[in-house]
1. Using R₀ = 25 Å, calculate the FRET efficiency as 1/(1 + (r/R₀)^6) where r is the Cβ-Cβ separation of R52 and H78; round to 0.05.
2. Nearest 20 debye, what's the magnitude of the dipole of the chain about its Cα centre given +1 on Lys and Arg Cβ and -1 on Asp and Glu Cβ?
3. Bin all alpha-carbon pair distances of segment 196-264 at 10 Å intervals from 0 and give each bin's fraction as a whole percent.
4. So for the pair D165, L201, with labels modelled 7 Å out along Cα→Cβ, what separation do we get in nm?
5. Would you look at the GNM of the chain, springs on alpha carbons closer than 10 Å, and say which of F258, F150, F275 moves the most?
6. Rounded to the nearest 20 Debye, what is the dipole magnitude of segment 205-307 about its Cα centre when Lys and Arg each give +1 and Asp and Glu each give -1 at the C-beta?
7. Could you state, as a whole-number percent, how many of the C-alpha pairs of segment 165-307 are farther apart than 28 Å?
8. Can you give the percent of C-alpha pairs in segment 53-148 whose distance is more than 22 Å?
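Values quoted throughout were computed directly from the atomic coordinates according to the rules given, and no laboratory measurement underlies them. What you see is a predicted model, and the numbers here were worked out from it, not measured in a lab. Because the Cβ atoms are built from the backbone with ideal geometry, glycine has one as well, and the counts that use them run over all protein chains shown.
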Amino acid sequence: ERKISDLGKVPRYARVNTLKAEVREVIEILKSEGWILKDKIISYEGFLDVVRGLSEDEFIVDFHLEYLLVFHSNTDFHDHELVKTGVILLQDKASCLSAVALNPKRGSQVIDACAAPGMKTTLLAALMENEGRIVAVDRSKERSQCLSKFVESTGSSCVEIVAMDFLKIQPNEYPDIKYILVDPSCSGSGIARRLGNEYGLEEKRDRLRKLSNFQSQILKHAFSFPNVKRVVYSTCSLHKEENELVVEDVLESVGDSFKVKATLKDWPTRGSEEFSFGCKCARASVESDLTNGFFICCFVRKKLNLK
Ligand code: SAM
């Protein structure tokens with residue numbers, strides 16, 4: 001049997017939708033189908049080794065996220081009853097981490113500014129146990145329809161969908177929003193299956209410049225919501241133009257009111273040390289974490305320093 005390490009691919013991650021089932025119930029179903037659950041491992045390096053060596057009938061509970069199951073990358077779950085019924089969702093680990101970094105409590109008021117197809121929206125709903133309100137925004141009508149279907153099929157009842165440009169949303173109409181997730185369109189250079197599919201150098205530079213301007217603009221809009229206290233910015237790009245450089249640019253405008261807060265402190269792979277805030281950001285990659293490439297930065301509102 002081929003092992004993951006031979007393939008240079010990310011494993012198959014499956015998130016248990018805790019709005020529909022408990023993790024132990026799903027594990028029992030999988031075991032009854034013949035899947036073999038590997039024991040929990042206490043060190044991250046040890047865990048990565050076990051994942052690299054998984055055979056095609058084995059799985060393990062993720063090291064960081066107790067509702068995420070990890071399988072061999074050849075595993076095709078698309079036709080599985082648990083997937084069809086929204087009980088397990090095929091979501092990469094790195095994609096889960098930005099919702100985890102936002103960390104809204106039950107009852108929170110949240111905007112997901114670039115939400116479709118809704119992988120992170122539905123995880124936010126699960127983390128909030130469907131208590132509170134998530135406004136899921138997406139500019140694309142078509143993608144908003146997919147989002148709507150996905151929200152419905154996962155039982156994410158605290159989500160309302162707004163099919164419009166986030167930049168056109170009036171912050172003053174959302175005075176109760178405290179949390180915003182900004183996961184905008186990006187080059188996708190971290191997605192494992194797209195790696196190696198590079199553009200020419202000039203074309204790439206031009207494309208990156210356009211993307212990073214757009215990303216800064218969307219992120220700056222998030223800070224203009226009157227009572228927002230926490231904003232998480234994420235991309236599935238490896239380029240610093242779309243990551244640390246966007247953070248640096250945005251801090252120039254909002255740095256008096258917001259600061260970068262160290263996020264996912266147990267996560268070992270950090271942002272670029274070229275930047276003072278780099279170690280406070282999280283990165284992920286196939287090589288270091290067996291996930292798609294990813295970047296996450298968490299901003300919080302500074303406390304008023306009244307004397
Ligand atoms: N967060 C999503 C998830 O986890 O499933 C993935 C989001 S995808 C990387 C980026 C999305 O941003 C696309 O669906 C795109 O239509 C949307 N988008 C791009 N510009 C936007 C804007 N100005 N306002 C709202 N949505 C926008």
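1. On the way: r = 24 Å, r/R0 = 0.95.
Taking R0 as 25 Å, the efficiency between R52 and H78 is 0.60.
2. Numbers: 44 positive and 45 negative charges, 229 e Å.
In debye, rounded to 20, the chain gives about 1100.
3. Bin by bin from 0 Å, the calculated values are 17, 49, 23, 9, 1.
4. Here the answer is 3.5 nm between the modelled labels.
5. Result for the chain, Cα springs under 10 Å: F275 fluctuates most.
6. Details: 18 positive and 13 negative charges, 124 e Å.
The dipole magnitude comes to about 600 debye.
7. Details: 2018 of 10153 pairs.
Of all Cα-Cα distances in segment 165-307, 20 percent exceed 28 Å.
8. Working: 1640 of 4560 pairs.
Tail of the P(r) past 22 Å holds 36 percent of the pairs.
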